[in-house]
Amino acid sequence: MRHRVLQHGRLLPALETRLAAQYELHPLWQEADPQAFLAAHGSGFTGLATSARFGADAALIAALPALKVISSFGVGLDTIDLDAARRRGIEVGYTPEVLNDCVADTAFALVMDVARRISASDRFVRRGDWLKGQFPLATKVSGKRLGILGMGRIGRVIARRAAGFDMPVRYHNRRPLADVEQGYAASLKELAEWSDFLVVASAGGAETRGLVSREILAALGPEGFLVNISRGSVVDQAALVEALQQQRIAGAGLDVFEHEPQVPEALFGLDNVVLLPHLASNTHETRAAMAQRVEDNLAAFFGGRPLVSAAA
């Protein structure tokens, strides 16, 4: 008898096909009335396949009384109620490590783009403005100070990328890390004041909501750039829009937003911000590796082995 696994939200087509071949997979997103379906059939599922976008809140977990394992496509855990899962003894798997390189690459692409104004200069050429005069001067990247909020797996790779640009690096975490050679800033404000580029690579969730506040943006100042490849919730989005409009910071490179896929329209006309549709890990290679990890975590659990990547 195959294990019954509920699928919450769309996954990669190839992953959906493989999971359907191994398990009795039911796509909850196809149900016209998901709550009614869960009330009638929720007790039959022992596994849940989801993603960082859709997660698993306390209500969904409660509607699955036989649930034993959650396997999530993504590194973010803020949409999964980990406390509810722990109380039930439900194991939670996710997909760290395999996306570190691509997310760090995107962070550096945004650093380069917003400082050297690559996207803005592309628009300049397409508009025909080059025929009218030269594009304005931009900002050098090499040798500038890079601050990292969140020196985790991805933050460490970003720091390695910075070494190739001869950039001094400092970081801020809740506490200093013994195995990190870069300098530690005791507060985020101190880090922002020091940084030419402040890269947000921290986890999302209640603890970090609004951490990059109006005060932090003021500390970054009119010559500082903000790059966010973490979660939109970490930055006070209203304060950021205002700072960009009033040029109280030099610019921003954003892959994430507070209410995705909605992006503040006030940003659309600004040339000092680069806007990406949450694509930091969006490469063929990385998404395939993430899909494999979702599959491997489920296979490990149902095979009686530890999850390959278990949430703490």
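Taken together, the values in this text are just the output of simple stated rules run on the coordinates, not laboratory data. For clarity, every value in this text was computed on a predicted model and none was experimentally measured. Cβ: placed from backbone, ideal geometry, glycine included. Neighbour counts: every protein chain shown.
Computed values, structure above
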quantity	calculated
Size of electric dipole in segment 100-275: Cβ of Lys, Arg +1 and of Asp, Glu -1, about Cα centre, debye, nearest 20	280 debye
Sequence-distant residues sharing a close amide H with residue 167 (under 5 Å, placed H)	143
Cα-based reach from residue 68 at 18 Å (exclusive), listing lysines while leaving out same-chain residues under 8 positions away	none
Convex hull of Cα atoms in the chain, direction-averaged projection (nm²)	18.0 nm²
Built amide H within the under 5 Å cut-off of residue 92, gap 5+	70, 311
Convex hull of segment 7-64 built on C-alpha atoms - directionally averaged projected area, nm²	3.9 nm²
Qualifying trypsin sites (Lys or Arg not before Pro) for segment 234-297 [loop in DSSP, other Cβ within 10 Å: at most 11]	none
Highest average packing first - 8-14, 129-135, 262-268, 155-161, Cβ atoms within 10 Å	155-161, 8-14, 262-268, 129-135
Long-range HN-HN contacts of residue 73 with modeled amide H, under 5 Å	50, 51, 52
Gain upon complete extension [residue 186, residue 66; 0.36 nm per residue less C-alpha separation]	38.7 nm
log₁₀ of I(q)/I(0) at q = 0.11, 0.17 Å⁻¹ - segment 100-275, Debye sum with one point per alpha carbon	-0.43, -1.02
Order by protection proxy (mean Cβ within 10 Å, highest first), peptides 302-311, 46-55, 88-97	46-55, 88-97, 302-311
Reachable lysines, given that their alpha-carbon falls under 27 Å from the alpha-carbon of residue 189 and they are not under 8 places away in the same chain	140, 144
Crossing angle, helix 100-116 versus the chain [Cα axis fit, 0-90 degrees, rounded to tens]	30 degrees
